[in-house]
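Accompanying notes for the structure given below.
Read-outs: derived from the displayed coordinates by stated rules, not from any lab. Just so we're clear, the structure is a prediction, and the values are computed from it rather than from any experiment. Neighbour counts run over all protein chains shown; Cβ positions are idealised from the backbone, glycine included.
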DNA sequence: CGGAATCCAGTATGATACTG
DNA sequence: CAGTATCATACTGGATTCCG
């Protein structure tokens, strides 16, 4: 065993894969939409706003596959499909919130830097 | 004033822009490479491994523009350009580390979920 | 050495139409 | 309602070449 400073099974590729998930355009917004309770497909679509049907389908499928979201089908007519944030998804949303707080707190300074940089016409 | 729960200047687009930066393929790896000290262009390239010249150039330029990294040119022959993590960049790296820790801690469970999901041939 | 410029492939995303 | 299928397009990232 030479992995003295990392828990067994830790894989950098897996970690950066999750980071890229966080950075994708819709995943986090969908997770946030589900934080306060279950929603159905078009409910999420309304809540997120701007997302296409296809991207919502894909995003939800990925989230379900990863165990972040649970999908429940009611065989009524018309059918109803309910999406609920699983514990893993809640946990992720809490962690991401810290990052979002950081971003909110520092975006002013970042925009300042950009203005200065652009003013110098690099 | 109706913005009772947000600091002035907070903008969701700015926040998700930063999240997408975190999720991009190279930004975080470059920041991590610089955490322990300054490095020159090809030093970062060696440290990160797998990054192309162009992507490193682009990534560094963006990081510099945002005030995460400082760039110092020494007009020697051949020229030397040193990159240093600015306080803002250090701050970001600390925040991202929490997310990386979460990812490392939960990727086992996520992989499990995926296997189960795929086994059911959805 | 530290880039800039160009070209190109793969993927992410969007719009639209159709289905059970 | 909750998707699937198809096409079009934009953006990301990689390879290569050239420059001060």
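Residues of the stretch A:75-87 include none that is touching a residue at least 12 places away in the same chain (Cβ under 8 Å), within 9 Å of chain B (Cβ to nearest Cβ), buried (at least 20 other Cβ atoms within 10 Å of the Cβ) and under 25 Å from residue A:43 (Cβ atoms). Put simply, of A:97, A:114 the only residue that is over 18 Å from the mean Cα position of the chain (by Cα), within 12 Å of chain B (Cβ to nearest Cβ), away from DNA strand C (no atom under 16 Å from the Cβ) and within 25 Å of residue B:25 (Cα to Cα) is A:114. For residue A:99, the criteria (1) farther than 20 Å from residue B:95 by Cβ; (2) touching a residue at least 60 places away in the same chain (Cβ under 8 Å) hold in every case but one, which is (1). One residue alone among B:71, B:58 is surrounded by fewer than 20 Cβ atoms within 10 Å (Cβ to Cβ) and near DNA strand D (Cβ under 10 Å from one of its atoms), and that residue is B:58. Taking every residue in the stretch A:57-70 that is away from chain B (no Cβ under 11 Å) and pairing it with any residue that is assigned to a helix (DSSP H, G or I) and within 13 Å of DNA strand C (Cβ to nearest atom), at least 6 positions away or on another chain, the pairs with Cβ-Cβ distances below 8 Å are A:59/A:27; A:59/A:30; A:60/A:30; A:60/A:41. Criterion applied to A:13, A:46 was being within 16 Å of DNA strand D (Cβ to nearest atom) and either surrounded by 20 or more Cβ atoms within 10 Å (Cβ to Cβ) or within 13 Å of chain B (Cβ to nearest Cβ) (or both), and the one residue passing it is A:13.
Scanning the stretch A:29-43 for residues being touching a helix residue (DSSP H, G or I) at 6+ places or on another chain (Cβ under 6 Å) and crowded, with 18+ Cβ neighbours inside 10 Å gives a total of 4.
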